[in-house]
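Let me begin by presenting the structure, written as structure tokens, before commenting on it.
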Amino acid sequence: MLLIFEMDQEQLFYSLALQKVTGIGAITARRLVEYFGTEKAVFKAAKKELIEAGRISETLIKNLSNRTVFELAETEMKHIKQNNITVIHYKDERFPELLNHCPDAPILLFSNTLNCNWNTDKIISIVGTRQPTTRGLDFCAELLEGLKDYNPVVVSGLAYGVDISAHLAALNNNVITYAVLGHGLNKIYPDEHFHYAKNMEKGGGGLLSEFWITDKIDRENFIKRNRIVAGMTKATIVIESALKGGSMSTISFANDYNRDAFAVPGRVQDRMSAGCNELIRTNRAQLLTSAKEIIETLNWDCAPVKQKQIQPKLFLDLNEEEQKIYDFLKIRKKELLDVIAIDCAMPIYKVSTALLNLELKGAVAPLPGKYFEIVE
């Protein structure tokens, strides 16, 4: 049963206010809330307590006492009510689970729907140029046609080009799709996509944003939006992209978050394939030519595999890190690499080394999609 984090009006008020304190970004906001317990407690904390929290400058302490943020929070709360916006706190189980594993995820997300279907194993993002070729558009349609039987959730950014094509291909195949916006939920950008956004909601998806209604539309917001697109999904697919652009930043976020990344190759002479070709050449994305490769790599079509019989061991000779991961997987049975790293409080490179050693010792087995399972 899904547990909904009960956030009353007071909690919403202080959460919004914390977002507007100058010098407090997503990482610091989460750290402070975890340390003090609630957003309200952050504002009520004494100077000595804030200093004890660590990495809090005198300027930031002063900014926390600026009451202007409370006026901004009150105004935004009115907009939220007027526009019937759903607010999702990061402690709410409706919050995208994968996004919560990203250190720079926001403490609040805003949505136009209660249809929160993004906590699924089969959630992918599709991005690309705003000027796709016919080949790119055809590939997008074929990809969704090939994936529809697996009931994936498709995330993109509602922009011109590949983004809107991905949303439409999903709708055409009765696949749930969400758009992550680079602005508040009181508007649709571009305006021409308003009708498509409504159809997405009717199809079981909707819109998602970290931005306030009072936030201005600017380029930096769309870059920030890209980390949400990459962070909340299992894999990011780039269909066509030049060497520079939003799609390349989305892949960078996917790489940073240890997500799977795919790129569709193209001819060397095609400018809109240059980015994809470069991602493949530098091993930042896997080459993608069909839906089958998504299904296989992400382990969507994996029938139960009979484990190879191994000689039972009276004991395993494990070091401290290996034992910690082994004990974790004994409980979870199967888990993602990045989840193992987060829950075991270990850096990715140490987890990867420990998992390799455990595999060599016959204690764990790797699975497609960067999953690992215990061998018993």
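The values are calculated or read from the model by the stated rules, or taken from the named source; none is laboratory data. Source: prediction; values computed, not measured. FYI the Cβ positions are ideal-geometry reconstructions off the backbone, even for glycines, and counts take in every protein chain you see. Quick note on the areas: whole protein, heavy atoms, side chains included, nothing else; ligands and nucleic acids left out. Shrake-Rupley method; radii C 1.70, N 1.55, O 1.52, S 1.80 Å.
Computed values, structure above
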{"read-out": "Debye intensity ratio in log₁₀ form over the Cα atoms of the chain, taken at each q of 0.07, 0.08, 0.13 Å⁻¹", "value": "-0.35, -0.46, -1.12"}
{"read-out": "Cross-link table 91/370; 234/324; 324/361; 81/234; 324/350; 81/198, entries beyond 22 Å C-alpha to C-alpha", "value": "91/370; 234/324; 81/234"}
{"read-out": "Computed magnitude of the charge dipole of region 127-199 (debye, nearest 20; Cβ of K, R +1, Cβ of D, E -1)", "value": "180"}
{"read-out": "Region 83-229, relative contact order [Cα under 8 Å, separation at least 6], %", "value": "24"}
{"read-out": "Ratio Rg/Rh, restricted to region 1-124 and using Cα atoms, in which Rh is the Kirkwood radius", "value": "0.98"}
{"read-out": "Average projected area [Cα convex hull, region 51-174], square nanometres", "value": "11.1"}
{"read-out": "For peptides 99-107, 37-45, sequence by mean Cβ density within 10 Å, most packed first", "value": "99-107, 37-45"}
{"read-out": "Segment residue 142-residue 332, length gained on full extension (0.36 nm per residue, minus Cα span)", "value": "64.8 nm"}
{"read-out": "Listed residues 36, 110 arranged by accessible area, highest first, probe 1.4 Å", "value": "36, 110"}
{"read-out": "Charge dipole of region 115-202 about the Cα centre (unit charges at C-beta), most positive-ward option of 152, 186, 172", "value": "186"}
{"read-out": "Ranking by accessible area, most exposed first, for 88, 217, 295 with a 1.4 Å probe", "value": "217, 295, 88"}
{"read-out": "Solvent-free Debye scattering, log10 I(q)/I(0), computed from the Cα coordinates of region 54-102 at q = 0.13, 0.15, 0.18 Å⁻¹", "value": "-0.56, -0.72, -0.88"}
{"read-out": "GNM result for the chain, Cα springs below 10 Å: residue of 242, 354, 230 fluctuating most strongly", "value": "354"}
{"read-out": "Residue-span extension gain [residue 93 to residue 192] - 0.36 nm each, minus C-alpha spacing", "value": "32.3 nm"}
{"read-out": "Extension reserve of the residue 278-residue 65 stretch, reckoned as 0.36 nm per residue once the Cα distance is removed", "value": "71.9 nm"}
{"read-out": "Solvent-accessible ranking of 244, 198, largest area first, probe 1.4 Å", "value": "244, 198"}
{"read-out": "Given charges at Cβ of Lys, Arg, Asp, Glu: region 1-114 dipole, positive-most of 70, 95, 82", "value": "70"}
{"read-out": "Computed Kirkwood radius, in angstrom, where 1/r is averaged over Cα pairs of region 1-70", "value": "12.5"}
{"read-out": "Separation between Cα centres of region 207-265 and region 113-182, rounded to whole Å", "value": "13"}
{"read-out": "Whole-number accessible area per residue in Å² for region 13-63, which is evaluated in the context of all protein chains at 1.4 Å", "value": "51"}
{"read-out": "Distance histogram in 10 Å bins (all Cα pairs of region 131-237, percent per bin)", "value": "15, 49, 32, 5, 0"}
{"read-out": "Helix-derived mean residue ellipticity, 222 nm - over the chain, DSSP H n ≥ 4, -39500 (n - 2.57), to 500", "value": "-13000 deg cm²/dmol"}
